[in-house]
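*Asks:* Take a look at this one; I'll ask things after.
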Amino acid sequence: MINNLIVIPVKVNGTELNFLLDTGVRNTIMFNLSVEDSVKLKNTRTVRIRGLGEGSYINAVQSKGNLFEIGKVINSQHMIFLIPGKEFDLSARMGVDINGIIGGDLFSDFVIDINYSTKRVKFYNPQTYAPKKCKKCEIFDLTFNRGKPYIDIKVRADTNLIDTKLLIDTGGSKYLWLFDKSSDEIELPANYFDDFLGKGLSGNIFGRRSKIDEIIIGNYRFKNANVAFPDSASIATAYRFKERNGSLGAGILKRFKLVFDYRNSKFIIKGKSTFFKEPFLYNMSGIELIHAGTMLVKDKKNPTYIGYAKNNEGDSRSIVQIIYEYVYDFKPMYRISLIRKDSPAFKAGLLKNDIVLEVNGKAAYQYELQEITNIFSDREGKRIKLLIERNGKKMIYSFRLEDSLK
């Protein structure tokens with residue numbers, strides 16, 4: 001699990017790749033032209049597709065009759081949409097190689113059990129699946145639109161209890177999205193700030209971050225939870241389903257043990273996961289950081305100790321010689337892809353395309369990308385010190401995290 005998201009190994013025509021498990025997509029999507037040659041896609045033709053984001057339609061390659069293997073699960077007639085080039089690159093934002101997204105194609109064929117605590121995903125034959133009796137289980141009805149699952153839950157804003165229909169989106173690391181004015185009762189709170197919300201197939205998604213008083217899912221309640229209101233221009237395709245009020249993301253879903261049963265239109269919460277009581281955090285720095293390839297680094301190896309005794313003229317002291325060796329190696333490089341206006345990082349003077357070399361005195365390459373994001377989301381008042389490189393020059397910047405939603 002990376003940044004709340006589930007990544008599973010998949011063999012495509014014999015080539016091992018990493019896919020994001022995403023209920024928010026209907027068809028399987030792959031990225032990068034280099035992948036196309038290695039997996040030898042079959043029966044291809046060029047098509048135009050559009051997803052979330054501020055852009056418009058993009059070119060893609062549709063391919064049918066491909067062999068997909070996930071463990072013992074095999075599909076020899078799988079359809080894929082390949083997006084050429086590097087425009088849509090989840091790897092840079094997640095810090096690990098991601099070659100595609102798989103969703104509705106898989107969920108419609110199996111009953112899928114997801115345990116975020118143990119990081120296990122189980123696939124069951126829907127014809128033979130018999131759920132175990134469970135006193136703590138809550139069962140919800142699913143409705144579908146264009147192969148995607150929706151659940152009806154309630155949210156509370158001030159004293160207003162609001163009915164919502166939300167897309168269940170395991171591929172979105174967010175907590176909750178609500179679409180402003182999608183119902184008479186849903187509107188942007190007075191306290192919010194503008195922010196980058198993510199990247200879709202058609203480009204960047206911007207919107208406003210805020211808090212909601214309560215999210216109510218059956219007998220489960222989350223108070224003072226994070227919510228985002230995406231700009232209508234960024235989610236034009238989502239408005240095709242008029243009944244939709246937003247999305248329920250992995251930041252909420254990971255707090256449960258879940259079962260998806262598309263055949264019977266059921267969504268089952270089996271109980272709480274170990275993440276249930278995690279606080280609702282967000283990146284307070286204003287920095288959107290991405291993995292930007294590698295850089296050559298001179299790294300010090302563990303020292304070698306050589307000891308011997310000196311006995312000249314009665315001197316019996318022991319002498320230890322410490323020998324350091326250095327090696328050159330390629331390490332991850334992190335680049336600032338976006339700075340939120342008026343954020344602590346913005347006011348400190350950091351700029352888009354700055355390369356982050358150190359975070360609080362520690363080499364940036366010694367962190368996973370998600371670990372740095374966690375530091376940026378830690379607590380208000382925490383001091384952040386960054387060594388960056390800009391146009392070949394190294395500079396130090398520092399700032400303190402600020403909670404814009406107090």
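The values are calculated or read from the model by the stated rules, or taken from the named source; none is laboratory data. These numbers were taken from a predicted model, which means no experiment stands behind them. Note that each Cβ is placed from the backbone with ideal geometry, even for glycine, and that neighbours are counted across all protein chains shown.
*Asks:* Phe206 - would you say it is aromatic (Phe, Trp, Tyr) and under 25 Å from Ile102 (Cα atoms)?
*Replies:* Answer is yes for this residue.
*Asks:* Gly24: assigned to a loop (DSSP other than H, G, I, E, B), in contact (Cβ under 8 Å) with a residue 60 or more places away in the chain, within 25 Å of Val259 (Cβ to Cβ) and in contact with a strand residue (DSSP E or B) (Cβ under 9 Å, 6 or more places away or on another chain), yes or no?
*Replies:* The answer is yes for Gly24.
*Asks:* Taking Lys298, is it among the basic types (Lys, Arg) and within 30 Å of Ser117 (Cβ to Cβ)?
*Replies:* Working: among the basic types (Lys, Arg): yes; within 30 Å of Ser117 (Cβ to Cβ): no.
Criteria not met by Lys298.
*Asks:* I've got another one for you. Could you list all residues from region 344-402 that are assigned to a loop (DSSP other than H, G, I, E, B), of a type in the set (D, E, K, R) and at pLDDT 95 or above?
*Replies:* Listed by number, the residues that qualify are Lys352, Asp354, Lys382, Glu402.
*Asks:* Please state which one of Gly95, Gly103 is touching a Gly at 6+ places or on another chain (Cβ under 8 Å), surrounded by 20 or more Cβ atoms within 10 Å (Cβ to Cβ) and either modelled with pLDDT of 90 or more or not hydrophobic (A, V, I, L, M, F, W, C) (or both).
*Replies:* The unique qualifying residue is Gly103.
*Asks:* Against the definition (touching a Gly at 6+ places or on another chain (Cβ under 7 Å), over 25 Å from Asp141 (Cα atoms) and either buried (at least 18 other Cβ atoms within 10 Å of the Cβ) or not assigned by TED's automatic domain parsing to the domain that holds Phe346 (or both)), how does Asn224 come out, yes or no?
*Replies:* Answer is no for this residue.
*Asks:* Right, Ala92: part of a helix (DSSP H, G or I), in contact with a strand residue (DSSP E or B) (Cβ under 9 Å, 6 or more places away or on another chain), touching a residue at least 24 places away in the same chain (Cβ under 8 Å) and among the aliphatic types (A, V, I, L, M) or not?
*Replies:* Judged against the criteria, Ala92 is a match.
*Asks:* Also, I was wondering about something else. Quick test of your reading of the structure: Val35 fulfils all but one of (1) closer than 15 Å to Asp97 by Cβ; (2) at pLDDT 80 or above; (3) of a type outside the set (D, E, K, R). Name the failing condition by number.
*Replies:* (2)
*Asks:* Pairs please, first residue from region 199-219 and closer than 22 Å to Ile235 by Cβ, second anywhere and assigned to a loop (DSSP other than H, G, I, E, B) and of a type in the set (Lys, Arg), Cβ atoms under 8 Å, 6+ apart in sequence or on different chains.
*Replies:* Partner pairs satisfying both residue conditions: Leu201/Arg50; Ser202/Arg50.
*Asks:* Just a yes or no: is a residue in region 294-308 part of a loop (DSSP other than H, G, I, E, B), small (Gly, Ala, Ser), modelled with pLDDT under 95 and over 24 Å from the mean Cα position of the chain (by Cα)?
*Replies:* Taking every residue of region 294-308 in turn, none turns out to be part of a loop (DSSP other than H, G, I, E, B), small (Gly, Ala, Ser), modelled with pLDDT under 95 and over 24 Å from the mean Cα position of the chain (by Cα).
*Asks:* So, one more: Does Ile396 satisfy the condition of being hydrophobic (A, V, I, L, M, F, W, C) and surrounded by fewer than 13 Cβ atoms within 10 Å (Cβ to Cβ)?
*Replies:* Yes.
*Asks:* Run down Phe280, Phe275, Phe267 and say which single residue is within 22 Å of Ser117 (Cβ to Cβ), in a loop (DSSP other than H, G, I, E, B) and touching a strand residue (DSSP E or B) at 6+ places or on another chain (Cβ under 7 Å). Even if it seems obvious, please write down each step before you answer.
*Replies:* Working: Phe275 fails: touching a strand residue (DSSP E or B) at 6+ places or on another chain (Cβ under 7 Å); Phe267 fails: in a loop (DSSP other than H, G, I, E, B).
After ruling out the rest, the residue left standing is Phe280.
*Asks:* Quick check on my filter: what residues within region 216-257 are among the charged types (D, E, K, R) and over 18 Å from the mean Cα position of the chain (by Cα)?
*Replies:* Filtering region 216-257 for residues among the charged types (D, E, K, R) gives 221, 223, 231, 240, 242-244, 254-255, 257.
Passing the criteria: Arg221, Lys223, Asp231, Arg240, Lys242, Glu243, Arg244, Lys257.
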